[in-house]
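To keep things clear, I will list the structure first and then write my remarks on it.
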Amino acid sequence: MLRAGAPPPNSFTLAFTIKACAVVPALGEGQQLHSQAFRHGLEPSPYVQTGLLNLYARCEEVALARNVFDGMIEDKNLVAWSSMISGYSRLGMVNEALDLFREMQAAGVNPDEVTMVSVILACAKTGALDLGRWVHAFIDRKGIKLDLELSTALIDMYAKCGLIERARWVFDEMVERDTKAWSAMIVGLATHGLAEDALGLFSRMLQLKVRPNNVTFIGVLSACAHNGLVDDGRRYWSTMQKMGIKASLENYGCMVDLLCRSGLLDEAYSFVTDMPILPNSVIWRNLLVASKSSNRIDIVELASKKLFELEPQSSENYVLLSNLYASKSQWDRVRYMRKMMKDNNVTVVAGCSSVEINGHMHKFVVSDGSHPEIKEIRLVLREIADRVLRAGHKPWTEAVLHDVGEEEKEVALCEHSERLAIAYGLLKTKAPHVIRVVKNLRFCPDCHEVTKIISKSYDREIIVRDRVRFHRFIGGSCSCKDFW
DNA sequence: ATAGGGTTAG
């Protein structure tokens, strides 16, 4: 790396090259620079250290980052704390991020705008609304300035946590807005199914001569897709080309989604086959789901073939196809999918739910017995079942899986991840507390119904929601309407 | 002369 006879690096040259590796990001090259720092005795330089810390954080190597962080024995500065927090946030490790944030203040270091962006990001990523709101209040209380980046992060956080009106409020308060700020707001409105607002905002953006980018168009196109605006969507697609914005894979994905939801399967199919770039698994999956209720066996076969080529290890695809065949009573094919899973050593990854309690996110997966308080949780679960039954409702939803054994089925039914999270929430809070559960996968209308009963019976407001989707589905590909 | 931050489909 370093030529013979070249002048030795100093803390300046090293810091710059490390930063270059961080922005790429290039882990291997960065690590070579790390050993150079050792060799030339430049390790103690705070600039080199924070550079390395940030490099590892951006490479999602949080353990390596932590190593550097812990090695900074002298006073850790604000930049080091912020970098470490952002490393946790990037990985969605919201508890670690917030614990560190608290630790930082205990150490007498005052956070600034940059620190707060990372903290807000962690809340956005995990859907931790109570925490997010607390962090926003903290920002106000400390008089931290809502600059362009922090405002954009707040808009995104509120939108992802379901408070679109708060997101709008932050947006309206901004004195200066760039493409990213507009995009965050437009995407947020689109996820909430507010097409009219999203598209209205987009035209205001154009009026004000702010140039949109491909992310802005993700918002615009998905707004159309969520609301069945096929013609508008097509028009915006050509607008995008006319503006000289190169469509990204995500933009193509939005168009496929638009056509699929509107029941235009043929058109979606030729759109995919005519794409100038290779479609990814999201696109093939969308097409597969859309062709579920059609007679287009050819599309089903091609899409599943592509899916298994692209993601042979993803259980999602096997389950999807297995359920598709089951819905058509093609049991031999269902069995074949099961066999394929076994042969390829694919295991089902369970969905998970989290619940916010006293500033921490507690995560649960289906049938997870590893929680230290699982005994108490199970007692609450039993009590819930009794109360729901007394209210005249079946306590558990029917299994979606088709050939699990009876015993296995019993467990799967009783210990839905969101049910565990609700039970824990009931255990840890007193009426009339709001229990907020975030589910990583979509939950079924039946769960919604049961949740209402639990809510009433325990005098607690219980909100179970999907992590990021807030719109109501329309069109042929999805039918789940009950989100809240 | 050096360091940490925001928008991305289903």
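The values are calculated or read from the model by the stated rules, or taken from the named source; none is laboratory data. Everything quoted here is computed from the prediction, not taken from an experiment. Cβ atoms come from the backbone with ideal geometry, glycine included; neighbour counts cover every protein chain shown. Ligands, DNA and RNA are stripped out before the accessible areas are found, and what is left, the full protein with its side chains, is counted by its heavy atoms. Shrake-Rupley method; radii C 1.70, N 1.55, O 1.52, S 1.80 Å.
Scan the range A:314-361 for residues that are touching a residue at least 60 places away in the same chain (Cβ under 8 Å), open to solvent by 10 Å² or more (accessible area, probe 1.4 Å) and of a type in the set (S, T, N, Q) and the total you get is 3.
Here the condition is being surrounded by 21 or more Cβ atoms within 10 Å (Cβ to Cβ) and among the β-branched types (Val, Ile, Thr); of A:256, A:282, A:289, it holds for A:256 alone. Give the range A:159-179 a look and list any residue that's open to solvent by 20 Å² or more (accessible area, probe 1.4 Å), within 13 Å of DNA strand B (Cβ to nearest atom), closer than 19 Å to residue A:136 by Cβ and assigned to a helix (DSSP H, G or I), or say none. Result: A:160, single match. When the residues of the range A:88-107 are filtered to those that are within 14 Å of the chain's Cα centre (by Cα) and assigned to a helix (DSSP H, G or I), the one that is surrounded by the fewest Cβ atoms within 10 Å (Cβ to Cβ) is A:90. Each residue in the range A:132-158 was checked for being outside any helix (DSSP H, G or I) and more than 9 Å from DNA strand B (Cβ to nearest atom), and 2 pass.
Elements of the type helices (runs of 4 or more DSSP H) sitting completely within the range A:254-327 and holding at least 3 residues that are within 14 Å of DNA strand B (Cβ to nearest atom) and farther than 26 Å from residue A:219 by Cα: these cover A:315-327. Would you pick out the residues in the range A:207-239 that are more than 22 Å from residue A:156 (Cβ to Cβ), open to solvent by less than 30 Å² (accessible area, probe 1.4 Å) and aliphatic (A, V, I, L, M)? Correct list: A:230 only.
Taking residue A:64 as the residue in question, decide whether it is on the phi < 0 side of the Ramachandran plot and either within 11 Å of DNA strand B (Cβ to nearest atom) or open to solvent by less than 20 Å² (accessible area, probe 1.4 Å) (or both). Write out each step before concluding.
Working: on the phi < 0 side of the Ramachandran plot: yes; either within 11 Å of DNA strand B (Cβ to nearest atom) or open to solvent by less than 20 Å² (accessible area, probe 1.4 Å) (or both): no.
No, not satisfied.
Taken residue by residue, the range A:108-131 has no member that is surrounded by 19 or more Cβ atoms within 10 Å (Cβ to Cβ) and either among the acidic types (Asp, Glu) or free of Cβ contacts under 8 Å to residues at least 24 places away in the same chain (or both).
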